[in-house]
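Nothing in this text is a laboratory measurement; each read-out follows from the coordinates by a stated rule. These figures come from a predicted structure and were not determined experimentally. Please note: Cβ atoms are built from the backbone with ideal geometry, for glycine as well, and neighbour counts cover all protein chains shown.
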Amino acid sequence: MTRKPAGESPPGRLSLRNEPSGRDFAKASDARRRILRVHVIVLGIDPGVANTGYGVVAHDRGRLVALDGGVIETAAGDEPGARLARIYARVGELMDGYTPDAVAVEDLYFGANANSAFAVGQARGVVILAAGQRRIPCRSYTPQQVKAAVCGSGRAGKGQVQRMVQTLLSLAEPPKPDHAADALAVAVCHANHAPFSAALTGAAAR
């Protein structure tokens with residue numbers, strides 16, 4: 001009988017977490033949390049200066065698996081540069097720890113006010129920079145594209161998206177907090193495109 005490593009989540013359950021500002025965190029992944037024969041690993045990002053959600057999803061031979069998820073929080077009283085630096089550093093840790101094949105970032109929602117859009121744009125910028133420095137392909141998806149990919153409708157509500165993410169990733173309960181759930185949805189959106197994209201690339205190369 002194989003002994004379960006201490007601290008490991010039960011099968012089908014993903015522990016999503018908030019990451020308060022100013023804390024030091026362990027390496028994003030270790031050997032026992034890796035899965036073998038992975039077709040592609042995607043890091044999904046729901047950007048924001050106050051809260052940046054992240055979700056790591058593996059696409060393994062037609063099966064989607066959640067590897068990690070959580071929220072990077074920054075304090076409103078901190079200097080803007082320090083807040084962006086924290087997001088950049090933590091996202092870099094995730095990229096180095098999981099070595100994703102792609103980063104999927106939720107695009108700006110144009111219905112948001114100018115200040116919110118500006119803040120989201122700043123957070124997106126540091127994520128894209130971190131990916132570019134590591135030569136990891138980065139793709140953007142609108143909220144409507146993500147909803148359509150996960151639920152089949154670009155007008156799906158947040159609760160419906162969370163329940164579908166739960167189903168697709170075989171989680172014990174809907175993922176929370178919201179930003180982490182959104183990031184997982186973005187990762188699922190890209191992961192579902194991965195086999196088709198790979199087939200197109202292979203066909204073009206022949």
Next on the checklist: Taking R0 as 25 Å, what FRET efficiency do you get between Arg139 and Ser170 from their Cβ-Cβ distance, rounded to the nearest 0.05?
Outcome noted: 0.55
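Within 10 Å, count the other beta carbons around each residue, average over each peptide in 85-95, 143-153, 44-54, and list them highest first. Please list the in-between numbers first.
Values: 85-95: 19.8, 143-153: 17.9, 44-54: 25.4.
Output ranking for 85-95, 143-153, 44-54: 44-54, 85-95, 143-153.
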Checklist entry - So which chymotrypsin sites (Phe, Trp or Tyr not before Pro) in the range 93-125 pass both tests, a DSSP loop state and at most 12 other Cβ atoms within 10 Å of the Cβ? => result Tyr109, Phe110
Checklist entry - Placing +1 at every Lys and Arg Cβ and -1 at every Asp and Glu Cβ, with all other atoms neutral, what dipole size does the range 73-178 have around its Cα centre, in debye to the nearest 20? => result 280 debye
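Which value, in Å to one decimal place, does the Kirkwood hydrodynamic radius take for the range 34-205 when every pair of different Cα atoms is included? Spell out each step's value before the answer.
Working: mean 1/r = 0.0622 Å⁻¹.
So the Kirkwood estimate lands at 16.1 Å.
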Checklist entry - Distance in nm between label sites at Ala75 and Ala50, each 7 Å beyond Cα in the beta-carbon direction? => result 1.6 nm
Checklist entry - Local charge sum around Tyr109 (other residues, Cβ-Cβ under 12 Å, Lys/Arg +1, Asp/Glu -1)? => result -2
Checklist entry - If R0 is 30 Å, what FRET efficiency do you get for Arg61 and Ala82 from their C-beta distance, rounded to 0.05? => result 0.10
